[in-house]
Amino acid sequence: MLLPIADGRALRTTIGHLIARHRLELAAVVVLQVLAALAGLAGPLIIGRLIDAMTRGAADAATVDLALVILVTTVVVQAILTRFAQLTSLRLGETVFARLRERFLESVLALPLSTVEIAGTGDLLSRTTSDIDSVAQIVRFGVPRLLITGVTAILTALAAALVNPLLALVLLAGSPLLWAGTRWYMKRSKAGYRRQLASYGRLVGVVGETVEGASTIDALDLAAAQRRKIDEALRERRNAEWYTLGLRSVWYPVTTLGLLLPVVLVLLVGGIMIGGGLATAGQVAAIALYSMQLAGPVEELVTWMDRIQVGTTALARIVGVEQVPADREPGDARPQSDRLVAEDVRFSYRDGTEVLHGVDLAPTPGERIAIVGPSGSGKSTFGRLLTGIAAPTSGRVTLGGVELTRLPIPELRERVALVTQEQHVFVGTLADNLRLAAPQALETELIEALRVVGAAGWLRALPQGLNTRVGSGGVVLTPAQAQQVALARLVLLDPQTLVLDEATSLIDPRAARGLERALDRVLEGRTVIAIAHRLHTARDADRVVVMRDGRITEAGSHDELVALGGEYAGLWNAWHGTAGEPPTH
Ligand code: ADP
């Protein structure tokens, strides 16, 4: 499944809004460009007049000198005006693009997590990179050039019509060719470009997956299969490129012909018209010069049409991200207490395959609950529902009477947080990483949070302390350190309820015990639901919940369950008998 792509209407609305918002700047660009183009039109007119005067024998040295001075002046004026027109239009392009990029970033950040998981990163990545690049090209250069060349072309045609309307008609000779060729091309290229961009997303996805999973691929000897996948993605990419290249190789020659035809015809028809007394030599010269001046802008217009095609396809993919429906609609109700209740919770990732079959859990505030059970029994899924990352397919998870998915996310996170073993260290300073949870936190608070999770030692060893750059390109933190950073974020976020999904599993047992003891102090008074792989976590909990095949099969204190002699007792005895845990507790 790919992320949505905006349709024509949504796209027109977006572009309409952008134009409306920048209409003043747009008007300034057009006015400047009209003036510049007018200055550029004087040349052929003056030369035409001069030719006619010479033909009549009425041109003396003074007239020629005057014409030359005027010519040079108009060229200088045109250059100055063009400079300001370009500057204004480029500035406009940059502003519009910056707006677009900010809007896009906002919509990407607002994407529901489940959508990102399903759509895969390739699609999103290609939209944030190559699609943004194509749009940048259009907005920064395409739109400004389009304005400039459009205005120039129209004014040039008008000027020719003023010189000699009949002969100016010949300028239209290439239009049918241009029109038909462009139409033929546009009809086919839209789908072609869409396919080309999608194929790029696929390629990025496969290559990224190969790089990330390199050691797995080596270990399982999957190189051949992976190579086939890459080859296939490359082949699709090549075919898509090949197709649009084929289209261009027809369209370009037709366009060139359409542009040259008027130049040749003006001279031919002009010659005949001079013979018939319908035009002067000067008029023919002027219009021939105009027709040549027209070729540049028109050719540029037509080429930009092509790139704009790519750009609008890319824009449709970017605007499409905004159309992902929100997975929740926050209401006005606010929790009356911190009591978390899961009632008859069922959940399916795919229609028809339920992985949770009616689970109930109601921790009393301050309770420590451990969830244990075999892998695949639904513990992590339940943890996601308990923290409101997804809504149950049926049943309810409420906090103080309000469904979790009806709370705005920032507010939800201040009350209920999930810590998993996938911890990401963002590129930036250590302080930046911690302030993600609490933007206003003081340095002393950051240091205290790190101390609580047992990171004071390595913090001291960092060259610039909190201001050390971490993440890729900076100091690389070990998985255990990354996990401590994540836990320190939690200390700062200070939620009443925490779901720890194997949160300490990457830390070696001794360190984990130390960390857990440190955490114990922080967790004092909070509700903690720990999805436990180490059973000593379960032994220390107030209540142990055993899950199997998407159901809770046993619940009670450690001692009760051991005495019961059921599934937990079996797990405990097996673990206690064999585990190499030091008996230090
Ligand atoms: P546990 O945490 O106990 O190991 P999980 O909650 O991860 O169990 O998985 C429960 C069931 O849901 C398993 O059958 C697993 O295959 C399935 N499952 C987990 N994540 C997904 C997903 N993203 N899409 C589809 N099925 C999933």
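The values are calculated or read from the model by the stated rules, or taken from the named source; none is laboratory data. Given the structure is predicted, the values throughout are model-derived calculations rather than measurements. Glycine gets a Cβ as well: all are built from the backbone with ideal geometry, and neighbour counts include every protein chain shown.
What do you reckon, is Asp432 exposed (fewer than 13 other Cβ atoms within 10 Å of the Cβ) and either within 16 Å of the ligand (Cβ to nearest atom) or acidic (Asp, Glu) (or both)? Considered against the rule, which asks whether it is exposed (fewer than 13 other Cβ atoms within 10 Å of the Cβ) and either within 16 Å of the ligand (Cβ to nearest atom) or acidic (Asp, Glu) (or both), Asp432 comes out as no. When the stretch 337-351 is limited to residues that are of a type in the set (A, V, I, L, M) and within 16 Å of Val416 (Cα to Cα), the one that is surrounded by the most Cβ atoms within 10 Å (Cβ to Cβ) turns out to be Leu340. Determine whether the stretch 435-446 contains at least one residue that is more than 24 Å from Ser337 (Cα to Cα), of a type outside the set (A, V, I, L, M), touching a helix residue (DSSP H, G or I) at 6+ places or on another chain (Cβ under 6 Å) and buried (at least 18 other Cβ atoms within 10 Å of the Cβ). Looking for residues that are more than 24 Å from Ser337 (Cα to Cα), of a type outside the set (A, V, I, L, M), touching a helix residue (DSSP H, G or I) at 6+ places or on another chain (Cβ under 6 Å) and buried (at least 18 other Cβ atoms within 10 Å of the Cβ), one finds none in the stretch 435-446, hence no. Look through Ile287, Ile308, Ile274 and report the one residue that is without any contact (Cβ under 8 Å) to a residue 12 or more places away in the chain and either touching a helix residue (DSSP H, G or I) at 6+ places or on another chain (Cβ under 8 Å) or under 13 Å from Arg145 (Cβ atoms) (or both). After applying the criteria, what remains is Ile274. Set side by side, the residues Leu41, Leu87 differ, and just one is crowded, with 19+ Cβ neighbours inside 10 Å, closer than 26 Å to Leu301 by Cα, more than 16 Å from the ligand (Cβ to nearest atom) and modelled with pLDDT of 85 or more, which is Leu41.
Residues in the stretch 44-72 that are farther than 15 Å from Ala153 by Cα and under 52 Å from the mean Cα position of the chain (by Cα): Leu45, Leu71, Val72. The listed residues are Asp65, Asp60, Asp7, Asp52, and the only one of them that is closer than 30 Å to Ile148 by Cα and of a type in the set (Asp, Glu) turns out to be Asp7.
Listed here are the residues, each with its yes/no results for (1) over 21 Å from the mean Cα position of the chain (by Cα); (2) more than 19 Å from Thr303 (Cβ to Cβ); (3) of a type in the set (Asp, Glu).
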{"residue": "Thr129", "(1), (2), (3)": "no, yes, no"}
{"residue": "Ala153", "(1), (2), (3)": "yes, no, no"}
{"residue": "Pro165", "(1), (2), (3)": "yes, yes, no"}
{"residue": "Leu171", "(1), (2), (3)": "yes, yes, no"}
{"residue": "Gly174", "(1), (2), (3)": "yes, no, no"}
{"residue": "Leu178", "(1), (2), (3)": "yes, no, no"}
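Going through (1) in a loop (DSSP other than H, G, I, E, B); (2) touching a Gly at 6+ places or on another chain (Cβ under 8 Å) one by one, Asn433 falls short only on (1). In the set Arg413, Arg396, only one residue is in a strand (DSSP E or B), away from the ligand (no atom under 16 Å from the Cβ) and charged (D, E, K, R); that residue is Arg396.
The set of residues in the stretch 447-480 that are surrounded by fewer than 12 Cβ atoms within 10 Å (Cβ to Cβ), of a type in the set (S, T, N, Q) and more than 21 Å from Leu500 (Cα to Cα) comprises Gln464, Ser472.
In the set Arg228, Arg328, which member is charged (D, E, K, R), assigned to a helix (DSSP H, G or I) and within 30 Å of Gly120 (Cα to Cα)?
Checking each option against the conditions leaves just Arg228.
Scanning the stretch 348-371 for residues that are within 15 Å of the ligand (Cβ to nearest atom) and either farther than 16 Å from Leu498 by Cα or touching a His at 6+ places or on another chain (Cβ under 7 Å) (or both) yields a total of 12. Across the stretch 329-347, the qualifying residues are those that are among the small types (Gly, Ala, Ser) and more than 16 Å from the ligand (Cβ to nearest atom), and the one among them that is nearest to Ala574 (Cα to Cα) is Ser337. Per the listing Val96, Val116, Val143, the residue uniquely within 16 Å of the ligand (Cβ to nearest atom) and either of a type outside the set (D, E, K, R) or closer than 30 Å to Gly40 by Cβ (or both) is Val116. In the set (1) in contact with a strand residue (DSSP E or B) (Cβ under 7 Å, 6 or more places away or on another chain); (2) at pLDDT below 80, the condition left unmet by Arg510 is number (1). Taking helices (runs of 4 or more DSSP H) as the structural unit, those lying wholly within the stretch 118-196 and holding at least 2 residues that are at pLDDT 90 or above correspond to 143-163, 165-168. Please indicate, with yes or no, whether at least one residue in the stretch 203-212 is of a type outside the set (A, V, I, L, M), part of a helix (DSSP H, G or I) and in contact with a helix residue (DSSP H, G or I) (Cβ under 6 Å, 6 or more places away or on another chain). Yes, some residue in the stretch 203-212 is of a type outside the set (A, V, I, L, M), part of a helix (DSSP H, G or I) and in contact with a helix residue (DSSP H, G or I) (Cβ under 6 Å, 6 or more places away or on another chain).
Within the span defined as the stretch 165-183, one or more residues are exposed (fewer than 15 other Cβ atoms within 10 Å of the Cβ) and closer than 22 Å to Gly8 by Cβ. Gly376 satisfies every condition listed in (1) among the small types (Gly, Ala, Ser); (2) in contact with a Leu (Cβ under 9 Å, 6 or more places away or on another chain); (3) within 12 Å of the ligand (Cβ to nearest atom) except (2). A single entry from Ser114, Ser199, Ser126 fulfils the requirement of being surrounded by fewer than 17 Cβ atoms within 10 Å (Cβ to Cβ) and polar (S, T, N, Q): Ser114. Looking only at residues in the stretch 540-551 that are in a strand (DSSP E or B) and buried (at least 21 other Cβ atoms within 10 Å of the Cβ), the one that is farthest from the ligand (Cβ to nearest atom) is Val544. Comparison of Arg334, Arg406 shows that the only residue that is among the charged types (D, E, K, R), crowded, with 17+ Cβ neighbours inside 10 Å and on the phi < 0 side of the Ramachandran plot is Arg406.
Pairs are defined by a Cβ separation below 7 Å, a sequence spacing of at least 6 or placement on different chains, a first member in the stretch 454-474 that is part of a helix (DSSP H, G or I), and a second member that is hydroxyl-bearing (Ser, Thr, Tyr); the pairs so defined are Leu466/Thr429; Asn467/Thr429.
Got at least one residue in the stretch 297-306 being more than 16 Å from the ligand (Cβ to nearest atom) and at pLDDT 90 or above? Checked against the condition, which is being more than 16 Å from the ligand (Cβ to nearest atom) and at pLDDT 90 or above, the stretch 297-306 yields no hits at all. Annotation: Ala279 fulfils all but one of (1) assigned to a loop (DSSP other than H, G, I, E, B); (2) in contact (Cβ under 8 Å) with a residue 12 or more places away in the chain; (3) within 14 Å of the ligand (Cβ to nearest atom); (4) not acidic (Asp, Glu); the unmet one is (3).
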